[in-house]
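Working notes, beginning with the structure itself.
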Ligand SMILES: [Zn+2]
Ligand SMILES: [Zn+2]
Ligand SMILES: [Zn+2]
């Protein structure tokens with residue numbers, strides 16, 4: 001994960017030099033708002049990876065008037081800041097989770113129950129660095145998630161077979 005300047009969210013009305021240098025092509029400014037706080041709080045309620053749609057539905061159910069686009073935008077900011085993990089489930093849906101650690105890590109995800117184990121992968125870190133360096137790439141980042149069936153789901157499947 002890229003380290004360095006954290007993404008700073010401008011408060012409503014502030015004019016501080018909080019624009020992140022560079023970051024071209026994003027085009028959207030997300031402000032710290034009650035909506036942003038609500039998105040954070042809704043994510044903190046669960047340990048499971050949650051889709052933006054589910055999060056949006058939960059917020060609406062709680063009476064928070066927030067658009068799906070806004071939810072996406074706040075999630076993206078949290079991801080950029082390394083506070084939230086984003087991964088693409090193997091059914092193609094993008095899901096989010098507030099992880100136990102902010103340090104770079106990977107996930108072992110159960111396809112049937114969603115159980116997630118956070119894993120370190122020193123071999124992966126070395127391998128990606130070496131592969132990228134060999135091709136002259138710098139500023140390298142990667143995402144590695146491992147999907148499978150957890151031991152209890154495997155047991156259930158076996159006993160019901
Ligand atoms: Zn994680
Ligand atoms: Zn499972
Ligand atoms: Zn890694």
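So how far apart, in nm, are the two label points at residue 91 and residue 115 if each is 7 Å from Cα heading toward Cβ?
In this crude label model, residue 91 to residue 115 measures out at 1.9 nm.
With a point put 7 Å past each Cα toward its Cβ, work out how far residue 57 is from residue 146 in nm, to one decimal.
In this crude label model, residue 57 to residue 146 measures out at 3.1 nm.
Arranged from highest to lowest average of other beta-carbon atoms within 10 Å per residue, in what order do the peptides 91-100, 76-85 appear?
Taking the mean over residues of other Cβ atoms within 10 Å, the ranking is 76-85, 91-100.
Would you mind computing, in nm to one decimal, how far apart the modelled labels at residue 155 and residue 128 are, each placed 7 Å from Cα along Cα→Cβ?
3.3 nm
Among DSSP beta bridges whose residues both lie in the stretch 44-161, state the antiparallel percentage, nearest 5.
Here the antiparallel bridges make up roughly 70 percent for the stretch 44-161.
Could you please tell me the mean projected area of the C-alpha convex hull for the stretch 104-161, averaged over all directions and given in square nanometres to one decimal?
It is 5.0 nm².
Determine the relative contact order of the stretch 104-161: mean sequence separation of Cα pairs under 8 Å and six or more apart, normalised by residue count, in whole percent.
After rounding, I find 44 percent.
Using 0.36 nm times the number of residues separating residue 65 and residue 137, minus their current alpha carbon distance, what extension gain do you get?
Here the segment from residue 65 to residue 137 would lengthen by 21.5 nm.
Most exposed first by the Cβ proxy, i.e. fewest other Cβ within 10 Å, how do 59, 75 rank?
59, 75
Read-outs throughout are calculated quantities, based only on the coordinates presented, and are distinct from any laboratory measurement. Since the model is a prediction, treat every value here as computed from it, not as a measurement. Backbone-built Cβ (ideal geometry, glycine too); neighbour counts: all protein chains shown.
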